[in-house]
Amino acid sequence: MSITLIRQAFSRSAPPRMWRKVPLRDEYEVVIIGGGAHGLACAYYLAKDHGITDVAVLDKSYIGSGGSGRNTAIVRSNYLTPEGVRFYDESVKLYEQMACELDFNVMFSQRGHLTLAHSDASVRTMRRRAEVNKLQGVNSRLIWPDEIARLCPHLDLSDHPRHPIQAALYHPPGGIIRHDAVVWGYAREADRRGVEIHQETEVTGLRVDDGRIQGAETSRGLVKAGKVLNATAGWGSTIAGMAGIELPMTTFPLQACVTEPLKPFLNTVVVSGSLHVYVSQSDRGELVTGASVDPFASYSLAGSLSFLEEISGHLLELFPCLSQVRILRQWAGLCEMPPDFSPIMGITPVEGFFIDTGWGTYGFKASPICGKTLAALIATGRTPDLIAPFRLSRFAENQLVGEKGAASVGH
Amino acid sequence: MLILDCPNCGKRNASEFRYGGEVHPRPPAAQQLSEAEWAHYLYMRPNQQGVQSEWWYHRAGCGLWFLAERHTYTGQVTRTWLPENPKSDD
Amino acid sequence: MTDSTERLAPQAGEAIDRSRSFEFTFEGRTYTAHPGDTIASALAAAGVRVFSRSFKYHRPRGLLCGAGHCPNCLVQIGDEPNVRSCQRPAEEGMAVKAQNAWPSLDFDLLSLTKYFSALMPVGFYYKTFIRPRFLWPLYEKVLRRAAGLGKVDPHSHGEGFSKEFLHAEVVVVGGGPTGISAALAAAGQGARVLLCEEQAALGGHLRFWGAQEALPGLLAELAGQPRIQVLTGTMVTGWYADHWLSAVQGKRLYKIRARSVVAATGAYEQPLLFAGNDLPGVMLGGAVLRLLRLYGVKPGHRAVVVAGDAQGWEVAQALRSAGVEVGAVLSGDGRDGAEGFEVLRGYAVAQAEGGRRLRRVVLADGQGGRRRLECDLLVLGGNWAPAADLAYMAGCRAEYDADRGEYRFAQMRPGFFAAGRVNGVPGIEGQRLDGQRAGLEAAGYLGLGSGPVAGLAEELRQLGPTPARAWVPPASGEGKNFVCLCEDVTDTDVQTAVAEGYESPELLKRYSTISMGPCQGKMCGINALHLCARARGLSMRQAVRTTARPPTVPVSLGNLAGQHLEPVQHTPIHQWHLDHGARMMGAGLWMRPEHYGDAAAEVRAVRQGVGLIDVSTLGKMQFTGPGVGALLEKLYVNPWRRLGVGRARYGVMCNDEGVVIDDGVGARLGEEEWYLTTTSSGAAGVFELVQWWMQAGWGKGAHLADLTEAFAAFNLAGPQSRAVLQRLTTLDLGNGAFPYMHARQGEVAGVSCRLMRLGFTGELSYEIHCPSGYGLHLWEALMEAGKAFGIAPFGVEAQRVLRLEKAHIIVGQDTDALADALSVGLEGVVKLDKPDFLGKRSLMRVAGAGSQQRLTGFRMMRPGLVPEEGLQIVGRRGGKLEIIGWITSSRFSPTLGEAIGLCWLPSGLAGRSGAEFSIFREGELLEARVHLGAFYDPAGEKVRG
């Protein structure tokens, strides 16, 4: 039992603040645009790994208001390409240590992740992923209906559904996490080390002079900086556009919804590519579920009825016993989708302006490794090998990453 | 659900249509473009919050492709129209 | 059996039918109910006070709101979890159980957590269970068990869900006096109106609250109004783009397209904040009046009433009429004791005391004076929050009016109107006028009528403004003061969270989980905002509300899914396949035969005799016009323009990145008539794409018809195929008259067909296309004609083997999103010197720079060992295994007696015939070697025969 809790229980004074509220200065060494898990992780690692603390993290709303607060909190590394697997595996390892490192329980539940295959083409892709994973040292294997039934007894494994389950990619280290806690944990630790977090501070423009970043214009005034990071997943093109840079992405809403709380019955994360649905049960007992991105580009965060209808239909195909379970709330986040379903990280043609974008439907699970590698880049000027495949210039070099095959539903 | 005004069929539910992406004309003299310019055509997009011109296909209806001006945040569609007649082959 | 001791004499306008009764059980005990009773009203009639245990502290909870908003009455009925028993009608034989209580509702062990509550403040789980790490899975198990409410039954099977579309010019949400008035006003102007009411009968609050005498008149006006469709028991659950509404009525989901919406949704009664405010026996005014008037149930024996407004007084009077002793009325609106009650002015509730039920209240006068009153019922009246969720979903904006103590609309969405209590208008006269105003505005918005007359606004003004009301801050007493009942969040928790830095209402919500439970903020949202603003020293106008999201009430997956139907497409031969033992497989939307029992035998039949496969699923495009040749030149990587009439050719389509997206064959049937096929799964996409290029610039002089479903198609393949076919046609099938890669049209078995000689399987073969209606006849005729030659039907699996023996690719299996036409090995097909085509620019780069990876064939060193598709090919670098390629197609070839396949390899390796490489499989390395070109009949003699 935590000493802190006991102390707090018997104390009369107010508990300590998680992050300070300080005035916004007019110059910093580094400005990070976007106070989500990526931006805050980067700030944390800048301070922790590189001793750079003259950093301001700016968010136009409250921290974690973007993708970090809207995702369905799935963490895994069972990707298709070797470079993808390596990257996300590093992230999973950091997640495993995160609660201890940040002294904040992010509730990472490595309960196992199942990606169901409903056709032989799908089985082929799952096997491909399993093999690539194994060769990178990541625990994944193909399993068959008898083992699927043991892991997930409520699944309909009969011949009855239109898309019978033939096999599944089983990834034991995958699971779910308390996504807001990741944001708060990083925010506190970054703040503790001197990083300034400024909420309700919207960036309205970027100052570029002679091909070099000068600073950001915000709703609270101009903030000068020699290094600026664009960590605004969903609005990456908007911010990059302020520096005159076009990115290869299109922004789509990604919807999700949650049911009323139920006693625990689903103990793995279940994903179906053919049925475009993924679902898990949170520690509070709610089913958290989502599907693929909306069919047309939009920046709107309103949900749709079609989404609820389709996802309900697909959930009931997988779990026919859930017809009386009720949806409590729906929402949406924004996903910027690049052509090769892989992020766009690193330097840009504008010197000192770094991007962390193109995060599609796979951004939250990469937060720790993303923060760490980008901090290294910002601090040293050298792009770490792990993220070199995700550079912006890869499009002009015709070196796209091959993740598209894995991402019919990118969860 | 959004209503789209198909220039041929009139107002229909958005579920009848397929989104075709931002208007992005194919460069006429592709062969003369540099690698960077060609990659720019293939991949880069404005992707801004605001009014954009885009393509829609009436999948469950007349099968025509048409253009629309829509605000990507408010969702308001200000107009829809058919593309110009196909040009001659050259 | 438990007696209904609290049932009163019949009440005027009650909802129950006392002439009949039936039995049901709750927690194993039997209770009686009348038709019209809800589960909760029947239980309350029998004196049940405790209905559930709360989420975190497992505190006993009783009826509070009576309106289906709060979580206190949630029960499990059989396999259905989380049922609001105050809304659900009781039914004979129902087996109702409490949720989240163990071992029983009366004695729940987990309520002992109250002794540890100091150690469980808001967000406690973020601060603990961190070390030791290995124990976290165990802690998590315990946490999960304690969480959750209802139970999922794995054998539960819901049925009978349906969906219906509705259209209306004006949808009025809410069938109380406001809504009825709005509907009448709009219909009066000629609008078609849909009126949706959540309760089982119209009337809204008039059914049990004040001015009930006005109800019959309103209902009479409504009856026989042909332009108004009324749906009762129907809850509008969401507003979506362009006035698209969802509504739920039992097991039916309505999807409604409205041209305008009037929200007459009323307001939510709000609890007050004081210690012990969650005890069974603390009830909102509406709950008390519903029990008294709709169900004839006495909610308690001795009551204290907080009358914040006139409606609160009405509750006190109703209780007294029902024989309930009213100990005191706390008055907020200055009425004196003339009505025979003891009135305590200036007093507020400091705390409520009791164990499993309310026993007494402590009142404070704000100057240190206290009164203790024994009671078993505390009625909270006079606090309301507009039920404006639907309006907020529609994008209407509201601002906090500090004088009125509630949110008022500041800006409405065009076509969305709000009226009545939700618009801040209390009282029956005001509501009727405001409803009328909104109905006329809606009609005017649609161009019907000219909107409300000027006099109407004046009448509304004369009724006076909404009475001023200040928010009642939390009282300071001993014990827990619950803000959020669903999640057991106290006001101390809120202050702690804000002090820790979770200041914005959104952060406060996510950290404390306030408003994240079943009520989604109906009971707590406003109180939470007040507390948050107060803790931060802000005014309510500065606090930003959390976003209202659909659904307004929880909706079941069954309702939303309806009768979930997944389409399947069949070819005309489908039944024949089934009758002949085919094992079917899904291929996209199509069902195709995978095999008929022995795929290897099917392969042998084709190689040695003749086989027939149903390829009706292929996409088929018919092009006509003078501009087709030029169009096809641009769409495909290969040439088309100069293809002679009667010739056929293999075609590959790439996108502008040079990536292969589809392949097929095409035949020139006439000067201006072309017939092209696509892959089965690619058909729709290719058709759309081709349409786009045609309409966007390249289609001059070309017309396209989609014949995919109009034509059936079969492939008659094998050395005997000519012999078989000749029996059914007078066409000259001689090799000179109808050579390889040619097309002909003619009659086969009396059916007009197109025939093409192609080579996918590597044997002499004829692909025969005919109109679908004749498909089965032609198929049967071919099978009959082939009998003497031992013809066998063959399926997808055999075809995969046959094409693999010829090293032919399958797009989407051997290619992926990065595979360009040159790297795939289609150099012979790509004509780079065409002036322009899709993919040319990118393919020129590949041609110049060379491919990094190439698709090539392979054979296994151990002939019987078949590596699975998807296995990775590895090389060694620096002592570690590194992936250098992967297997896309792999089969045992019955024809060659060994395992063969296709794979991606680095270019240098891929081009060296016989080069060896290793495949990684379950920790072992399997050896294989590169094979260039076809495995079977490399010279292609068979197809040309």
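The values are calculated or read from the model by the stated rules, or taken from the named source; none is laboratory data. Quick caveat, the model's predicted, so the values are computed rather than measured. Cβ: placed from backbone, ideal geometry, glycine included. Neighbour counts: every protein chain shown. For the accessible areas, the whole protein counts, side chains as well, though only heavy atoms, and no ligand, DNA or RNA atoms are used. Shrake-Rupley method; radii C 1.70, N 1.55, O 1.52, S 1.80 Å.
Some points to look at:
- Ellipticity estimate at 222 nm from DSSP helix runs (n ≥ 4, -39,500 (n - 2.57)) divided over chain C, nearest 500: -6000 deg cm²/dmol
- GNM top mover of A:ALA181, A:ALA231, A:ALA37 - chain A, alpha-carbon springs below 10 Å: A:ALA181
- For the protein assembly as shown, the fraction of 1.4 Å probe accessible surface lying on carbon and sulfur atoms is 51 percent.
- Summary of the geometry: the stretch C:855-898 and the stretch A:318-366, compared by the centres of their Cα atoms, lie 35 Å apart.
- Using the Cβ-Cβ distance between A:ASP54 and C:LEU538 with R0 set to 35 Å, the FRET efficiency works out to roughly 0.70.
- GNM top mover of A:THR373, A:THR204, A:THR357 - chain A, alpha-carbon springs below 10 Å: A:THR204
- Expressed to the nearest 5 percent, the antiparallel share of DSSP beta bridges inside chain C is 75 percent.
- Annotation: extensible slack from C:SER476 through C:LEU565 equals 26.3 nm (criterion: 0.36 nm per residue apart, minus Cα-Cα distance).
- Buried area at the A-C interface (accessible, heavy atoms, 1.4 Å probe, summed, Å²): 8700
- Mean-position separation - Cα centroids, the stretch C:77-122 and the stretch C:388-430, in angstrom: 35
- Residue-averaged 222 nm ellipticity for chain A, from DSSP H runs of 4+ at -39500 (n - 2.57), nearest 500: -9000 deg cm²/dmol
- Theoretical FRET efficiency, 1/(1+(r/R0)^6), r = Cβ-Cβ of C:ALA200 and B:GLU22, R0 41 Å, to 0.05: 0.25
- Neighbour net charge for C:LEU826 - beta-carbon separation under 10 angstrom, K R +1, D E -1: -3
- For the stretch C:657-689, the residues whose backbone nitrogen is under 17 Å from a point 7 Å from the Cα of C:MET844, taken along Cα to Cβ, are C:657-659.
- Cα-derived Rg to Rh of chain C, Kirkwood definition: 1.12
- Cα gyration tensor shape for the stretch A:34-96, rounded if a/c is under 1.5, else prolate or oblate: oblate
- Within the shell of other residues whose beta carbon sits under 12 angstrom from the beta carbon of C:ALA241, the net charge comes to +1, with Lys and Arg scored +1 and Asp and Glu -1.
- C:THR30-A:ARG382 pseudo-label distance in nm [points 7 Å out on the Cα-to-Cβ vector]: 8.3
- Other protein chain C-beta atoms within 10 Å of residue C-beta, averaged over C:236-243: 5.
- Projected label distance in nm at C:ARG371 and C:ARG862, using a 7 Å step from Cα toward the beta-carbon: 9.3
- Cα shape, the stretch B:37-90, gyration tensor, a/c 1.5 rule: oblate
- Rounded FRET efficiency, nearest 0.05, which uses the C-beta distance separating A:SER13 from A:LYS224 and R0 of 51 Å: 0.85
- Protein heavy-atom accessible surface, 1.4 Å probe, per residue over the stretch B:37-90: 51 Å².
- The mean accessible area for residues of chain A, using a 1.4 Å probe and ignoring ligands and nucleic acids, is 30 Å² per residue.
- Averaged over residues, the count of other Cβ atoms within 10 Å places the peptides C:304-315, C:96-107 in the sequence C:304-315, C:96-107, highest first.
- In this structure the amide hydrogen of C:GLY885, modeled in the peptide plane, comes within under 5 Å of the amide hydrogens of C:ILE873, none closer than 5 places in sequence on its chain.
- Overall form of the protein assembly as shown: prolate. Here a/c, set by the Cα gyration tensor axes a ≥ b ≥ c, is 1.5 or more, and a/b is the larger of a/b and b/c.
- Mean residue ellipticity at 222 nm, helices only, chain B: -3000 deg cm²/dmol; runs of at least 4 DSSP H residues each add -39,500 (n - 2.57), and the sum is divided by the number of residues.
- Panel note: contact residues of the stretch A:277-294 (accessible area lowered by at least 20 Å² against the chain on its own; 1.4 Å probe) correspond to A:ASP283, A:ARG284.
- Inter-chain shielding of A:270-276 (mean C-beta neighbours from other protein chains, 10 Å cut-off): 0
- Inter-chain shielding of C:141-148 (mean C-beta neighbours from other protein chains, 10 Å cut-off): 6
- Members of the stretch C:495-515 that become less accessible by 20 Å² or more once partner protein chains are added (1.4 angstrom probe, chain alone as reference): C:THR496, C:ALA499, C:GLU500, C:GLY501, C:TYR502, C:GLU503, C:SER504, C:GLU506, C:LEU507, C:LYS509, C:ARG510
- Against the main long axis of the alpha-carbon atoms of chain A, helix A:367-380 sits at an angle near 30°.
- C:GLU458 paired with C:ARG642, simple spin-label distance in nm, labels 7 Å along Cα-to-beta-carbon: 8.9
- Positive contributions from Lys and Arg (+1) and negative ones from Asp and Glu (-1), summed over other residues with Cβ under 13 Å from the Cβ of A:ILE387, come out at +1.
- Amide H contacts under 5 Å for B:GLY21: B:TRP55, restricted to partners 5 or more places along the chain or on a different chain, H placed in the peptide plane at 1.01 Å from N.
- Order of exposure, largest accessible area first, which applies to A:ARG394, C:ARG293, C:ARG921 with probe 1.4 Å: C:ARG921, C:ARG293, A:ARG394
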